[in-house]
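First the structure, in the form of C-alpha cells, and then the observations on it.
The values are calculated or read from the model by the stated rules, or taken from the named source; none is laboratory data. Note that the structure is predicted; figures quoted are calculated from it, not measured. Glycine also receives a Cβ, built like all others from the backbone with ideal geometry; neighbour counts cover every protein chain displayed. We work out accessible area using only protein heavy atoms, side chains counted, and drop any ligands, DNA or RNA first. Shrake-Rupley method; radii C 1.70, N 1.55, O 1.52, S 1.80 Å.
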Amino acid sequence: MDSMSLKDFAAKWTMGLILITAYVFLYMPIVHILFASLSNHPNFPYPPNFNPKSYVNLATNSIYQSAFVNSLIIASCTAVLSTVMGFLATIGVLRFAGKRALFYAVFFAGPLFVSEILLGISSMSLYYLVFGLQGNMVTAIIANSVHCFSFCFLIMAAMLYKYDWRMNEAAIVCGATPFRAFLEVMLPLTWSGIMGSLIVAFVLALNGLDISFYLLGATPTMPSVAWGALRYGVKPELYALSTIINAAVFLAIIVLFLKARNTKTAPV
Amino acid sequence: MSEPNAAARKRVFLYIPTTFLVLFFVLPLVALVVLSFWQTANYKIVRDWTTLNYVTLATESAYIIFFLRSLLMAILVSVFLVVVAWPIAFFIVRFGGRYKLIFSLLLAVPFLSGEVLRLIALQGMLGPTGLINGALMRLGAAPLRFIMYSNSATFIAFVYLYLPMTVTTIYLSLLNFDLRLASAASACGAGRLRVFSEVIWPLNLSGTMIGFLLSFIPTLSASLAPRFLGGPNGTLYGMSMAQQFGESGTWALGAAMGVVLVLFSIAALVILSLGVNLRRTGFTGMER
C-alpha cells in the first residue's frame, strides 16, 4: 500500500515537473526580451536595468506607426467578420443541422487543417493570378477571417454547447420577436464566448504574418515590418514591440479570465 | 413555429458560413490546383496546361530532399509534442483544481503573440549571443553550436510554436473525459499501465490525433522558422515554396508545391482518422 502511494506521488510530480519545465520554456523567451527591450545591452541584459530608449525609438518610427494602423484595421474587421460568421455557424450546427451536424462541424473546422501560408498563397493565386486583382485590405481581411473563423466557431460552439434553447423560445412565447430574444436573452448569456472569439480572432489577425503578407503587396503591417527588420538583424525596437504585444495579449487573457470566472459564479 | 419559417432560418444560419467558406476557402484551393498546372516564364503566367511542375518536383533531388526533411521534421515534432503534452494536460485536469482555467489560459499567451514575434523571442534565447550561449560563455564554457542556425534550432522553434496548441487540444479532450472511468478500472484491479493503455488512452485518442495534426500540418508547410533559424542545411519544403512565390517568381511551381503539401496534409488526416475507431473513443455522435 505504501509503495503504491509512493508511485502515485512520483507520477504526480514527474508530470508536475514536465508542466513546470514547459511553462518555463514558453515564458523564458518572453521575459528575456522584456529585459532586453529595457536594457543598455540588449544581447545579454543581465543584471536587468531600465532604459526606455527602445520604446521611444519605436514610438517615433513612422513605419511602425502606419503598420500599426493597418494591422489594427485588419484585426478589427477580421475579428468582427469571423465572429459573426462563426456565430451563425455555431447556431446552425448546434440547432438546425440535425443529422448533418458532424458534417458541417468538420467542414467549418476545415481551415484549421490548412496551414496559414497555404491559405495565403492559395487566396493570392485566386485573386491575383486568376482574376488579376491587386492585393488590398479587403482581400487580406477576408483571408484572415477564413483562418480565424474556425477558431471562433470552436470557441463559441464550446461555450454554446450547453446553452438552453428553451430560453429563447420562452422569450418568444412571452411575445418577444426572435431578434429581441437574441438581443436580450441570448446575447447576455453567451457574451463571454463571443468576447473570447472576438479577442482570439483580433489577436490572431494582428500578429499573423503569412496570410496578410501574400495578400497585401506593399502595404506594411506590424508582423511584416517586424519580419522585414528581422532580416537585417534584430534591433531593440523589435524587442520593445514584442514586449508591448505580449503585455496586451496578457491583459486580454486576464479580461477573458475574469469574464469567464464571473460567468461561472453568476447564477444561471 | 411554422415549417417554412424554420427552413428559412436554417438556410440563413448554415448557408451563410458555408457560402463564405466555399468562396474564400475552397475556391482559392481550387485556384491553387489550376495554377499548379500552368507555367511561369519571365515572371508571367503562361496559361498552357502542363504537368511539368510536378515532374520537376518529383525528379529534382533538391525538392525531394526538402520534402523528406520537412516530413521527418513534422513527424518528429508532432510525436515529441504529443509525448510532452500528455503529462502536462493530464496534470492540469487531474490536479489543476480551481486553477485549471489559469493554467490553460497561460498557454494562450505565447500562442497568441504571433509567429514572428515568438521567433524573435526565441532568437534571443538560442542565437550566438542569446541567453543560453551568452550565459555559457560568461561561465567560460563553449557555446552550444547545435542550437544556432541548424535543424535542431528549427526543431526547438516548432516545439515552442505548437506546444500550446497540442496541450490545449489534449487538455480539452481530457476535460470532457470522465476520470471516474479510470478509477472504476483501477478499483476492478487494473494496474496503472493497464488503466492508461486500455481506458484513458483509447478514450482520448481522437483528441490526441487532432493535437498531433494541428502541429504536424503547420510544421510540414512552415516557412518562417527554417528561414530564420534553420541555417544553410535547414531549408524545408514550405520555405522553398515561399521562395517560389517571392524571389524566384516561379509561382506555378510554388503552387504545385502547395498542392503537394495540401495533399499530404489530407493524407495525414485520413490515415489518422482511419486509425481512430470512433466507437472505441467513446464518440456517440452529436447529441442534442
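Check the stretch B:107-122 and report whether any residue there is farther than 19 Å from B:T219 by Cα, open to solvent by less than 20 Å² (accessible area, probe 1.4 Å) and more than 21 Å from the chain's Cα centre (by Cα). No: the stretch B:107-122 contains no residue that is farther than 19 Å from B:T219 by Cα, open to solvent by less than 20 Å² (accessible area, probe 1.4 Å) and more than 21 Å from the chain's Cα centre (by Cα). Condition check for A:T219 on (1) within 22 Å of A:T90 (Cβ to Cβ); (2) more than 14 Å from every other protein chain (Cβ to nearest Cβ): one failure, at (1).
Close Cβ contacts (under 9 Å, 6 or more residues apart or on different chains) running from residues in the stretch A:4-27 that are closer than 23 Å to B:Y162 by Cβ and in a helix (DSSP H, G or I) to residues that are open to solvent by 90 Å² or more (accessible area, probe 1.4 Å) and not aromatic (F, W, Y) comprise A:M15/B:R94. Regarding B:I92, is this residue closer than 30 Å to A:S125 by Cβ and under 27 Å from the mean Cα position of the chain (by Cα)? So B:I92 does not fit the description; no. Name the one entry in B:S186, B:S104, B:S173 that is of a type in the set (G, A, S) and open to solvent by 50 Å² or more (accessible area, probe 1.4 Å). Answer to the selection: B:S186.
Among the conditions (1) crowded, with 20+ Cβ neighbours inside 10 Å; (2) under 30 Å from B:L261 (Cβ atoms); (3) more than 9 Å from chain B (Cβ to nearest Cβ), A:G196 misses just one, which is (2). Of all residues in the stretch B:211-224, exactly one satisfies the criterion of being hydrophobic (A, V, I, L, M, F, W, C) and assigned to a loop (DSSP other than H, G, I, E, B), namely B:A222.
Of the helices (runs of 4 or more DSSP H) entirely within the stretch A:154-268, those holding at least 3 residues that are in contact with a Cys (Cβ under 9 Å, 6 or more places away or on another chain) occupy A:187-207. When A:I73 is tested against the conditions (1) more than 21 Å from the chain's Cα centre (by Cα); (2) over 30 Å from B:I88 (Cβ atoms); (3) at pLDDT 90 or above, the lone failure is (1).
I need the full set of residues from the stretch A:38-63 which are surrounded by fewer than 15 Cβ atoms within 10 Å (Cβ to Cβ), among the hydrophobic types (A, V, I, L, M, F, W, C) and farther than 13 Å from A:K235 by Cβ, in order please. Of everything in the stretch A:38-63, those that are surrounded by fewer than 15 Cβ atoms within 10 Å (Cβ to Cβ), among the hydrophobic types (A, V, I, L, M, F, W, C) and farther than 13 Å from A:K235 by Cβ turn out to be A:F50, A:V56, A:A59.
Restricting B:F216, B:F212 to residues that are open to solvent by less than 20 Å² (accessible area, probe 1.4 Å), more than 30 Å from A:G217 (Cβ to Cβ) and within 21 Å of the chain's Cα centre (by Cα) narrows the list to B:F216. Set side by side, the residues A:V80, A:V106 differ, and just one is open to solvent by 40 Å² or more (accessible area, probe 1.4 Å), farther than 28 Å from B:L163 by Cβ and assigned by TED's automatic domain parsing to the domain that holds A:G208, which is A:V80. Among the residues of the stretch B:45-57, the ones that are over 33 Å from the mean Cα position of the chain (by Cα) and open to solvent by 60 Å² or more (accessible area, probe 1.4 Å) come to 2 in all. Among the residues making up the stretch B:125-135, those that are at pLDDT 80 or above and open to solvent by less than 40 Å² (accessible area, probe 1.4 Å) are B:M125, B:L126, B:L131, B:N133, B:G134, B:A135. Tallying residues that are small (G, A, S) and within 7 Å of another protein chain (Cβ to nearest Cβ) within the stretch A:111-139 yields 4. When the stretch B:195-209 is filtered for residues that are at pLDDT 90 or above and open to solvent by 10 Å² or more (accessible area, probe 1.4 Å), only B:M209 remains.
The number of residues in the stretch B:225-238 that are assigned to a helix (DSSP H, G or I), open to solvent by less than 10 Å² (accessible area, probe 1.4 Å) and under 20 Å from A:G228 (Cα atoms) comes to 4. When A:I74 is tested against (1) crowded, with 16+ Cβ neighbours inside 10 Å; (2) part of a helix (DSSP H, G or I); (3) facing chain B (nearest Cβ under 7 Å); (4) not acidic (D, E), only condition (3) is not met.
When residues in the stretch A:165-192 are screened for being exposed (fewer than 12 other Cβ atoms within 10 Å of the Cβ) and within 12 Å of chain B (Cβ to nearest Cβ), 2 of them pass.
Across the stretch B:240-258, the qualifying residues are those that are open to solvent by 10 Å² or more (accessible area, probe 1.4 Å) and touching a residue at least 24 places away in the same chain (Cβ under 8 Å), and the one among them that is nearest to the other protein chains (Cβ to nearest Cβ) is B:W251.
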